[in-house]
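One structure below.
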Amino acid sequence: MTAPSLLPRPDARAQRDRLEVLTVLINGPEFDPALRGGVLKIPPTHPVYPWSCTVPDCARSRWRRYAMCSVHADQWQEAEAGGMTRVQFLRGAEPLAAWEAPEEMMCRICPQRPAFSLRLAVCFRHRNRWLSHLKRNTGAREEDGEFERWLADQQPCPGYGECRAEVCDELAASPLGLCGAHERGYIRAGRPGGARLPKNFFATFERHDRPVPVTCEDQIVFRAWGRAQLPVHRTGQVSLRGLRPLLRAEFQWGMYAHGLQPTSVWNLTWVQSLADECQRGDVASLAGLDPTVFHRDYHQRMVGGMQEALRKVYFSPGDTRDGGYIETEHFGVRFPHRSSYVDLTCVSQRWLRDLLWDHIADVLRSPSCPRSAQPVDYLRRAGAELSAFLEAEAPDGGHDPRALREEHAHRFVADLRNRERLGLDFRGQARLDGKKSTVTENKRRMMLNYGRAVLRGALDNGSAERIGLNRAFITAVPVGGPGTPRSRNPFPDEVARALADESNLRRLAEDHDPHDRGLRDMWEAIIITGRRANEVIQLHLDCIGRYGGLPVLWHDQTKVGNLNAAIRIPDRFMDRLEERRRKTLARFADRHAGRAPTPAERVHLALFPTDMLNPDGRRALSYTWFHTGLRNWITDLDLGGHYVAHQARHTLATRLLRAGASLTHIRRYMGQVSDRMAEHYVHLTQSDLDDVLQRVWVTGPGTANPGELLTEGTTPLTREQAQALAIDLSRRSTPAEGGFCTFQPVVEGGACPWNLDCHNCDKFVLSGADLLYWRRKREQWRLLAEGSPDDATAHYLHRYFEPTARAIDGLESALAGLGLLDDALALDLRKPQDYFHRVWSTAFRAADLAQTAGDEQDRADDTTDEQERCA
């Protein structure tokens, strides 16, 4: 490993200032007391760094897996293979005694000497005296109380002082001046410096209470060996005594900050080994240290986590601006599953990087701060792409903003569009994995939109004028545009049947979710409810319940900012989610020694929790896990095409429309931001819109209250109630001029008793499909009234048309309340010229048609009889 001491270090003044800041924070009231001091003694059940076996009353430390000691971990593997649950195993497992002391144990007789025997808790000298006592008294046994009587007669012996290894805080175990662990290490190292004890020193010197002489060939070498030693590793302890003061404080603060938001598990042995590596390399501070100097991955992750915590303490927002990065937590923002650190060094021009930093800072400070890191990522990528172009094409690499002109912006836009057309990669290097993305239409559009936002923001706040950036360069960057509207197609019928088939669903659970994490439950939730995939994956434990006897699913529609929304679900699916909830609670009990979650814990539990780095059960499974399992399942089904989970949402929306739901109802049920987005999902066609509009009825002008919205019966609804209405046209009707006739004798084929005076009939209803027809009627009557010879005639015409006008107003209000007014105005079902077509202008009486049909039948019968006679 490269010596960390060779890396750049801050000056002495900066180190003193930082140490003072950390010391104040560590001594604060909110700091964990277990993390203070040179030797951190962690309790066995520490909430962040637990180390005891989870088997009740087991005194041994946990192993690497299963949160148990090595013995119980092996037993649990066998029990799990036999079908036993973790709770059952923990209840029946026998606790084990400790095989090593978690901390140094003192002799019960000599308080200045370490215990040699853990069972007897006596030093080496008194252990030998006890064995000699047993030999002299052959009948004596420890169980008969002989040991307690022997203890009463023993005298304490003087100690040997502290261990001569500088980092060790334990007592010496022999006259050599080293503790037991370091003395064994000294012997394995070949006794550097030649320090030795006389042969049989115990019998020759100690037994007679004489001082033991120690010989040393080279004191300097022996002391150098003592300074280079590492602390003794003890269970539940982290010794930081060998570290420099600033580095020790950084370790303490880093461990505390990790506990505030633990995204991974830090084993205490890992922390101790990292401290040992830093001691060997003589590291002065973690600030500025390259984590890759450590070979182990978990050391690199821990150093990165500590450095992230220290950056927020060491540097102000202004310092990060100069350093070429931004810390979102300086602005009180931490995006989900993302680090607070945002690297901006991919932008090489200092002026552009400062503009980008200022713009991101404004976004983070704004009341409408984004809920995800995507806008910040796009801003960073846009800045990197513009920077790379200027570095290659602009004068002086674009480092002088005063040299940029309008033509440079035009060339930048043209370069982006050419790369999109040819399928080339971006110039800029913005991805953290070192790869470059291919320019697509959507990415090109986002680059232009976000890059333009940064430059226009600089123009508005005066930054562009201060640095001399040409206004023409800024205004020449165009908007990216709305992009080509695309949407997923619904599942074909045969694919939808295959993806909902019971045998295929069993294959999904058995073959692609062997540990029963809930993959099938997630998929069924998507196809039944039409929720977005992440809305299902992120469901909470208590997301279901019965209200008024109806099963309801509660979820967060974060994409549209609608939190804790509820929808109805079938009883069968309610039972499936109840079973999943029981499994999740059982897994929580398995991980917490059989206890159930407290009410405070239950509120935050995920319904589909992950097993990775999730001790509190709050983190749900990832979308990647869900997508991988579902994709492999669809591939195995060999459906002959590429299908994704989101198509289930389009399928449900389209079928809702064809079942009679309006766009407003679909938007509200699916959790969409607008009717336009609902159209994007339902794949609206002309025939679908015809069906929907013809299902909206209002009473005609001949009724007592023209324009009232109708349901299955004749109950009128207010406009507010119309927003939650889905009309069911199970009642029978027949088309009429400008609407529908609901008089059942006429519907069944009888003659109209009112001589087809539909517009003055109370059985006549207006439909949404005929709105334009009635608007033309209204314009016609208005023209007649305006052209009347006197006011009395105009007043008469207005009063005569008033019921019809109220019916038209009621129809428009109903369509507006259902979100269909614009669609009805755009759909001209009955144009005036249609009535002059031969199909419309040629008419026949029903009686004549019936008589004609009867005559044809009689002639056909006569012909049949004649043929039979000839045969």
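Assorted remarks:
- Evaluating 6.51 cos²θ - 1.76 cosθ + 1.60 at θ = phi - 60° for every residue in the stretch 447-459, the Karplus couplings come out as 4, 5, 5, 6, x, 5, 4, 5, 5, 5, x, 5, 5 Hz, glycine and proline recorded as x.
- Positive-end extreme of charge dipole, the stretch 199-238 - chosen from 205, 226, 237 (charges on Cβ): 237
- The figure for residue 584 is an accessible area of roughly 10 square angstrom, using a 1.4 Å probe on the protein chains alone.
- Built amide H within the under 5 Å cut-off of residue 173, gap 5+: 178, 179, 180
- Take each peptide in 213-219, 257-263, count the other Cβ atoms within 10 Å of every residue, and average; sorted highest first, the result is 257-263, 213-219.
- Relative contact order of the stretch 452-539, taken over Cα pairs closer than 8 Å and 6 or more residues apart, is 14 percent.
- Here the stretch 22-94 is assigned +1 on the Cβ of each Lys and Arg and -1 on the Cβ of each Asp and Glu. Its dipole about the Cα centre then comes out at about 140 debye.
- The amide H of residue 736, built 1.01 Å from its N in the peptide plane, has 741 as neighbours under 5 Å, considering only residues 5 or more places off or on other chains.
- Accessible-area ranking of 360, 109, largest first, probe 1.4 Å: 109, 360
- Under Karplus coefficients 6.51, -1.76 and 1.60, residue-wise ³J(HN,Hα) of the stretch 71-86 in Hz, glycine/proline x: 5, 5, 5, 5, 5, 5, 4, 5, 5, 5, 5, x, x, 7, 7, 5
- Across all C-alpha atoms in the stretch 211-343, the radius of gyration and Dmax reach 18.6, 66 Å.
- Cα-based reach from residue 777 at 16 Å (exclusive), listing lysines while leaving out same-chain residues under 8 positions away: 831
- For the stretch 43-127: accessible area per residue (Å², 1.4 Å): 57
- Cα gyration tensor shape of the stretch 359-470, rounded if a/c is under 1.5, else prolate or oblate by comparing a/b with b/c: oblate
- Solvent-accessible area per residue for the stretch 221-266 (1.4 angstrom probe, square angstrom): 42
- Under 5 Å between amide hydrogens, built in the peptide plane, is the criterion, and for residue 122 it picks out 108, 116, 117 among residues at least 5 positions away or on other chains.
- Accessible area expressed per residue, the stretch 343-428, with surrounding protein chains retained (probe 1.4 Å, Å²): 45
- Heavy-atom accessible area, probed at 1.4 angstrom with all protein chains present, ranks 306, 612 as 612, 306, highest first.
- Local net charge near residue 536, Cβ-Cβ under 15 Å (Lys/Arg +1, Asp/Glu -1): +4
- Centroid-to-centroid separation of the stretch 311-334 and the stretch 147-211 [C-alpha atoms, Å]: 53
- Dividing the convex hull volume of the alpha-carbon atoms in the stretch 215-254 by its residue count gives 79 Å³ per residue.
- Accessible surface of residue 205 - all protein chains present, 1.4 Å probe, nearest 10 Å²: 30
- Here, the stretch 94-217 is characterised by an Rg to Rh ratio of 1.01, where Rg is the alpha-carbon radius of gyration and Rh the Kirkwood radius.
- Calculated from backbone phi, Karplus (6.51, -1.76, 1.60) coupling profile of the stretch 769-778 in Hz, x at Gly/Pro: 6, 10, 4, 5, 4, 6, 5, 5, 4, 5
- Surface composition of the stretch 118-231: carbon plus sulfur atoms contribute 49% of the solvent-accessible area (1.4 Å probe, protein chains only, all chains present).
- Packing, as the average of other Cβ atoms within 10 Å across residues, places the peptides 747-759, 379-391, 172-184 in the order 379-391, 172-184, 747-759, highest first.
- Cβ-based net charge around residue 169, under 9 Å, with every Lys or Arg adding one and every Asp or Glu removing one: -2
- Environment charge at residue 86 (Cβ cut-off 11 Å; Lys +1, Arg +1, Asp -1, Glu -1): +1
- Accessible-area value, residue 436, 1.4 Å probe, nucleic acids and ligands omitted, Å²: 90
- Whichever lysines have a C-alpha closer than 29 Å to that of residue 41, once near sequence neighbours (fewer than 8 apart) are set aside: 312
- Computed on protein heavy atoms with a 1.4 Å probe, the accessible areas place 523, 253, 99 in the order 99, 253, 523, largest first.
- Distance from the stretch 417-460 to the stretch 613-648 (C-alpha centre basis), Å: 29
- With kT/(6 pi eta Rh) evaluated at 10 °C and eta = 1.306 mPa s, and Rh the Kirkwood radius from Cα pairs, the stretch 558-622 diffuses with a coefficient of 119 µm²/s according to Stokes-Einstein.
- Above 13 Å, the calculated P(r) of the stretch 457-511 contains 76 percent of its Cα-Cα pairs.
- The stretch 405-549 - charge dipole about Cα centre, Lys and Arg +1 at Cβ, Asp and Glu -1, debye rounded to 20: 980
The values are calculated or read from the model by the stated rules, or taken from the named source; none is laboratory data. Since the structure is predicted, the reported quantities are computational estimates derived from the model, not experimental observations. Heads up, the Cβs are rebuilt from the backbone with ideal geometry, glycines too, and the neighbour counts pull from every protein chain shown. What goes into the accessible areas is simple: the full protein's heavy atoms, side chains included, and nothing from ligands, DNA or RNA. Shrake-Rupley method; radii C 1.70, N 1.55, O 1.52, S 1.80 Å.
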